[in-house]
Amino acid sequence: MSFVNIVKFDLKNIFKTPMLVIVNTLEPLVLYIILGVIMKNKFSNKIMSSFDFYAVTTLIISATMIVMTTSNIFLDEKVKRGNRRVVYAPISKGQVYLSKLVSTFIFAIILFDILAFIEQYIFKCNFGGKNIIFVIILIDALTFFACSLSTAGCCILKNEDKVNSIIPLITSVFLFFSGIFVPLGTDSGIMKVFFSLSPVRYVTECSMQIIYDNNFALFYKTIIMLMILSIICILICKFTFKVEEYVR
Amino acid sequence: MSIINLLKNKISRMRTRQDMVVSALIIIPIVIIAAVSFSGSKNSKLSIAVVSDNYNNIQEDNNYKITVLSQKLGFSDLALGIYDFVVKENNDGHYTVETALQDNVKKQDVQKLFNNEKISSQSTKTESERGVGSSLLGLIVLFVIIEGTTLTVFFPNDITFKTLKRIFTSEVSEKSYIIAQFIFTFIGLYVPTFIAVAISKAILGNDIGYSTYVIALLTAVITGLSTAFALFMSSIMRDNIQIASCFIALIVSLICGCFYKFNSGIKIIDSICNLLPISSYMNIAEGLEKGNSLFQYRLGFLNLALWTIVMLVIGVLITHRRLKNGEFN
């Protein structure tokens, strides 16, 4: 019961920070519009316009970049003051970091899911029609992975600025090799290795297959892979999170 | 004198913040790899998949890599860029070409190639092609701006931990504090960026169209601008500076055509874009690569200098006002 209370408290905290809400709603929308307009001429096919492509991919980008929100909620100086009390309350220490993870995840999926539905049904972008639910599940799984990656980073580095200078870098490398900016067909030896190492690549590939080919071959594999990666991150949290160091 | 002491203070604080050094060390190789692969992917052959059971007369062509497949391909392979074109044989022996990420001109070229028509020589090159050097600089712009806010982090840290109050109680003025922070961030940004571009020049050889002096000048201009931007953001925002500046940097560099040059065709939007400092910067970078003289771009340089100075002055003024209002107490 106390866990639910902490999550509720953290959720309130996120929604009260205007910058976080603005960035997570405006960023995908603005990026989607700008990229859609810029790349319009490059997409000559009638099946997929630039807006169709970037509606899905900007949501994937935002889901990956949620890492900065998690670090803010976990380690921001203002939030930390309240959190110190939570840390000293008689709860298991796992609840401290899990509550941050879960609250950012809930916050993110609420915003992203609403955006996805708006983009499909109001802006008429192609999220695969009825299959939109599977695309959303993919994006949510990616969000969960990004949240747990960032929480693990917070537990290891213990300082918001440090986390913000390292974790977004890792995720931007994932993004660069995700097939969104550089086409997957680019075949020089080292690029192929990078492409196969980026988890975001499988999400893009799988969602494109679902939307345009109705092909679910990668769906379960991708979800299971993301879940395993998230569990590894959470295990890292379990072993590295120390209350004494958080309070300091 | 106080500026030197402040700089010493910042350098000694770097010891507890190895992450800054690490992130700079990670960024440099990534940018180089990205730039090299980007320029490589531009020059590499376009890949074509031919879906046919009995396709014998494969035309060898230097511009394309042709693969013959017996199965039908899904559209997602095109959308992800695994193949650039898919060619299908119709019943009447005619070939139709499908593409997702390539423009119409290139599509028609492929169609003509397969239907044994003549390719008009002008249509193969689009006009908005950019040189390797300026696309490398375009990629670096975003990284430099984001890294700038990371290096300016001591300033907002001083505010949150009330160190700024102590510093200002001594003889240090706001101006010298901001100048010291400017010098610190500028050097911290300039040295790795310059080395990165110089190394990529060494890797790419003559492909990069700048001399070392021009590289020194161009990196100095962009680091100056992003330092001013980081200081500006740090003084106007209370928290979440990094998130906000990442957001602004990403959008501005997209609008200014750092990654992909474009014309919206709407006059108002284009003229607003031209006023932004990064589009002047990209214009200069492109022009210099083509071999134009520096003097030709004095207006662009003026624009960049104006933005840098205005952002710095606003930063100083706002810090002054916040100090007077007692926000740092």
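How many residues are of a type in the set (Phe, Trp, Tyr), open to solvent by less than 40 Å² (accessible area, probe 1.4 Å) and in a helix (DSSP H, G or I) when one looks only at the range B:178-217?
Total satisfying the criteria: 1.
Name the residues in the range B:87-106 that are open to solvent by less than 20 Å² (accessible area, probe 1.4 Å) and either in contact with a Phe, Trp or Tyr (Cβ under 6 Å, 6 or more places away or on another chain) or more than 11 Å from chain A (Cβ to nearest Cβ) (or both), would you? First the steps, then the outcome.
So the first thing to find is which residues in the range B:87-106 are open to solvent by less than 20 Å² (accessible area, probe 1.4 Å), and the list is B:87, B:97, B:99-100.
Passing the criteria: B:Val87, B:Val97, B:Thr99.
Criterion first (at pLDDT 80 or above, hydroxyl-bearing (Ser, Thr, Tyr) and not assigned by TED's automatic domain parsing to the domain that holds B:Val197) does B:Tyr83 satisfy it? If you could, list the steps in order and put the result at the bottom.
Details: at pLDDT 80 or above: yes; hydroxyl-bearing (Ser, Thr, Tyr): yes; not assigned by TED's automatic domain parsing to the domain that holds B:Val197: yes.
When the stated conditions are applied, B:Tyr83 passes them.
What number of residues in the range B:147-161 are in a loop (DSSP other than H, G, I, E, B) and more than 9 Å from every other protein chain (Cβ to nearest Cβ)?
Of the residues in the range B:147-161, 1 are in a loop (DSSP other than H, G, I, E, B) and more than 9 Å from every other protein chain (Cβ to nearest Cβ).
Looking at B:Glu174, is it in the same structural domain as B:Ile243 (by TED's automatic domain parsing) and more than 31 Å from the chain's Cα centre (by Cα)? Steps first, please.
Values: in the same structural domain as B:Ile243 (by TED's automatic domain parsing): yes; more than 31 Å from the chain's Cα centre (by Cα): yes.
Taking the combined requirement at face value, the residue satisfies it.
Within the range A:195-248, count every residue that is among the small types (Gly, Ala, Ser), in contact (Cβ under 8 Å) with a residue 24 or more places away in the chain and within 14 Å of chain B (Cβ to nearest Cβ).
Number of matching residues: 2.
Scan (1) within 18 Å of B:Val144 (Cβ to Cβ); (2) surrounded by fewer than 20 Cβ atoms within 10 Å (Cβ to Cβ); (3) among the small types (Gly, Ala, Ser) for the single condition B:Ala230 breaks and write down its number.
So the condition that B:Ala230 fails would be (2).
I need the full set of residues from the range A:33-48 which are more than 7 Å from chain B (Cβ to nearest Cβ) and farther than 19 Å from B:Gly81 by Cβ, in order please.
Of everything in the range A:33-48, just one residue is more than 7 Å from chain B (Cβ to nearest Cβ) and farther than 19 Å from B:Gly81 by Cβ, namely A:Ile33.
Matching residues to (1) part of a helix (DSSP H, G or I); (2) under 19 Å from A:Val182 (Cβ atoms); (3) modelled with pLDDT under 80:
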site	(1), (2), (3)
B:Leu73	no, no, yes
B:Ser76	yes, yes, no
B:Asp92	no, no, yes
B:Gln102	no, yes, yes
B:Val105	yes, no, yes
B:Asp109	yes, no, yes
B:Lys118	no, no, yes
B:Ser135	yes, yes, yes
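The values are calculated or read from the model by the stated rules, or taken from the named source; none is laboratory data. Just so we're clear, the structure is a prediction, and the values are computed from it rather than from any experiment. Because the Cβ atoms are built from the backbone with ideal geometry, glycine has one as well, and the counts that use them run over all protein chains shown. Keep in mind that these areas ignore ligands, DNA and RNA; they rest on the heavy atoms of the full protein, side chains included. Shrake-Rupley method; radii C 1.70, N 1.55, O 1.52, S 1.80 Å.
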